[in-house]
Amino acid sequence: MSTPAMDNRDGSIWFDGKLIPWREARVHMLTHALHYGSAVFEGEQVYGGKVFKLTQHSQRLLDSGRLLGFDIPYNVGELDAATQEVLVANHIGSGYVRPLAWRGSEKISVSAPESSIHVAIAAWDTLPPYSDEARMQGIRMCTSKWVRPAPNVAPFAAKASGLYVTSTLAKHAAEAAGFDDALMLDYRGQLAEATLANIFLVMDGELHTPLPDCFLNGITRQTVIELAQDAGIRVVERAILPGELGQASEVFVTGTAAEIQPVREIDDYRFSAGTTTRNIMAAFDTLVGR
Ligand code: PMP
């Protein structure tokens with residue numbers, strides 16, 4: 001039996017200030033966001049009934065809206081409280097939260113500075129995607145032809161829907177070629193990130209990761225940097241060229257959904273999850289209360 005579509009589930013969604021039945025959380029086709037990508041969102045993970053780094057996610061949603069030129073009509077405290085309300089209403093102990101904010105349907109011209117801004121928050125239960133053993137074997141990646149854009153091409157620090165056009169194209173192409181995910185370079189040809197996660201390389205016991213100067217500086221990325229530094233591991237944020245993958249012994253990607261995911265293959269390069277990756281995964285598990 002196929003799983004029901006995301007719009008066909010039981011439960012409640014917080015929609016413009018109140019909980020409504022899941023199937024009624026709809027928008028009109030003449031909505032600015034659908035045509036021009038004027039929407040921002042978050043992806044949050046629930047551990048033991050609580051969202052990990054909730055306030056940071058709520059703040060990033062507001063910041064993303066501002067980067068797209070709109071003010072979300074709720075403050076961080078109100079978004080945090082609404083999220084908690086959604087978790088309770090849907091009995092989510094461990095799961096995923098998806099807040100979304102978007103320009104409404106008052107005008108369908110590109111210029112719509114006065115449009116209403118809508119906010120909705122949905123949450124659902126999730127199961128861990130892989131067993132620990134499968135997870136430790138690592139994912140297989142290939143380099144995408146799609147690159148992360150220059151800072152004057154897109155508001156890269158926003159978690160904006162429109163930016164996911166290339167993530168979707170890169171992910172679909174990688175999957176069609178038999179890989180799990182794509183490595184995306186940036187407009188200069190330097191390592192950027194995966195389609196939905198940041199990337200770290202272990203080189204001589206140090207952690208190297210690209211500077212987030214044209215892609216999302218993930219909350220998990222920032223957490224991993226702190227965990228590594230606390231464990232006495234030196235972290236180097238710098239420009240990394242693809243050829244340097246040959247000097248990396250371990251590689252992993254980080255994100256809210258991926259958490260810390262070892263990578264075993266990128267194009268012709270091979271890696272295995274060694275001590276550094278395992279130590280950071282263990283520290284992360286402790287932090288989220290596993
Ligand atoms: N890059 C992209 C493009 C993403 O979509 C995500 C997931 N939000 C990340 C990086 C990782 O960010 P975070 O750790 O905040 O989930």
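The values are calculated or read from the model by the stated rules, or taken from the named source; none is laboratory data. Computed from a predicted model, the values in this text were never measured in an experiment. Reconstructed Cβ throughout: ideal geometry from the backbone, glycine too, with neighbour counts over all protein chains shown. The protein model used for the area step is the full one, side chains on, heavy atoms only, and it has no ligands, DNA or RNA in it. Shrake-Rupley method; radii C 1.70, N 1.55, O 1.52, S 1.80 Å.
Among all positions in the stretch 120-130, there is no residue which is touching a residue at least 12 places away in the same chain (Cβ under 8 Å) and farther than 30 Å from A89 by Cβ.
Of the residues in the stretch 263-271, none is within 16 Å of the ligand (Cβ to nearest atom), within 25 Å of H57 (Cα to Cα) and not polar (S, T, N, Q). How about the stretch 93-150: which of its residues are of a type in the set (V, I, T), in a strand (DSSP E or B), under 18 Å from the mean Cα position of the chain (by Cα) and over 26 Å from D71 (Cβ atoms)? Result: I139, single match.
Does R234 satisfy being in contact (Cβ under 8 Å) with a residue 24 or more places away in the chain, over 30 Å from A177 (Cα atoms) and either out of contact with any Ser or Thr (no Cβ under 9 Å at 6 or more places or on another chain) or surrounded by 15 or more Cβ atoms within 10 Å (Cβ to Cβ) (or both)?
On the way: in contact (Cβ under 8 Å) with a residue 24 or more places away in the chain: yes; over 30 Å from A177 (Cα atoms): yes; either out of contact with any Ser or Thr (no Cβ under 9 Å at 6 or more places or on another chain) or surrounded by 15 or more Cβ atoms within 10 Å (Cβ to Cβ) (or both): yes.
In short, yes.
Taking (1) open to solvent by less than 60 Å² (accessible area, probe 1.4 Å); (2) over 30 Å from N90 (Cβ atoms); (3) in the same structural domain as A273 (by TED's automatic domain parsing) in turn, K159 satisfies each apart from (2). When the residues of the stretch 196-218 are filtered to those that are within 13 Å of the ligand (Cβ to nearest atom) and part of a strand (DSSP E or B), the one that is surrounded by the fewest Cβ atoms within 10 Å (Cβ to Cβ) is T209.
Output the number of the condition that G95 fails; it satisfies all remaining conditions of (1) open to solvent by less than 80 Å² (accessible area, probe 1.4 Å); (2) outside the structural domain of L30 (by TED's automatic domain parsing); (3) at pLDDT 95 or above. Condition not satisfied by G95: (2). How about the stretch 258-290: which of its residues are in contact with a strand residue (DSSP E or B) (Cβ under 7 Å, 6 or more places away or on another chain) and closer than 21 Å to A174 by Cα? Across the stretch 258-290, the qualifying residues are I260, Q261, P262, V263, R264, E265, I266, D267, R270, F271, S272. Residues that are more than 13 Å from the ligand (Cβ to nearest atom) and in contact with a Gly (Cβ under 9 Å, 6 or more places away or on another chain) within the stretch 219-240 comprise I233, R234, listed in sequence order. Residues in the stretch 148-171 that are touching a residue at least 24 places away in the same chain (Cβ under 8 Å) and farther than 26 Å from P99 by Cα: A150 only. Considering the stretch 173-188, the residues that are surrounded by 13 or more Cβ atoms within 10 Å (Cβ to Cβ) and small (G, A, S) include one that is farthest from G138 (Cα to Cα), namely A173. Taking the criterion of being away from the ligand (no atom under 16 Å from the Cβ) and open to solvent by less than 20 Å² (accessible area, probe 1.4 Å), the residues of the stretch 241-261 that qualify are L245, A248, E250.
For G178, state whether it is over 19 Å from D285 (Cβ atoms), assigned to a loop (DSSP other than H, G, I, E, B) and more than 15 Å from the ligand (Cβ to nearest atom). First the steps, then the outcome.
On the way: over 19 Å from D285 (Cβ atoms): yes; assigned to a loop (DSSP other than H, G, I, E, B): yes; more than 15 Å from the ligand (Cβ to nearest atom): yes.
So G178 fits the description; yes.
Would you confirm whether any residue within the stretch 253-264 is among the polar types (S, T, N, Q), in a helix (DSSP H, G or I) and either without any contact (Cβ under 8 Å) to a residue 12 or more places away in the chain or over 18 Å from E133 (Cα atoms) (or both)? No: zero hits. Scanning the stretch 1-16 for residues that are open to solvent by less than 40 Å² (accessible area, probe 1.4 Å) and closer than 16 Å to V119 by Cβ yields S12, I13, W14, F15.
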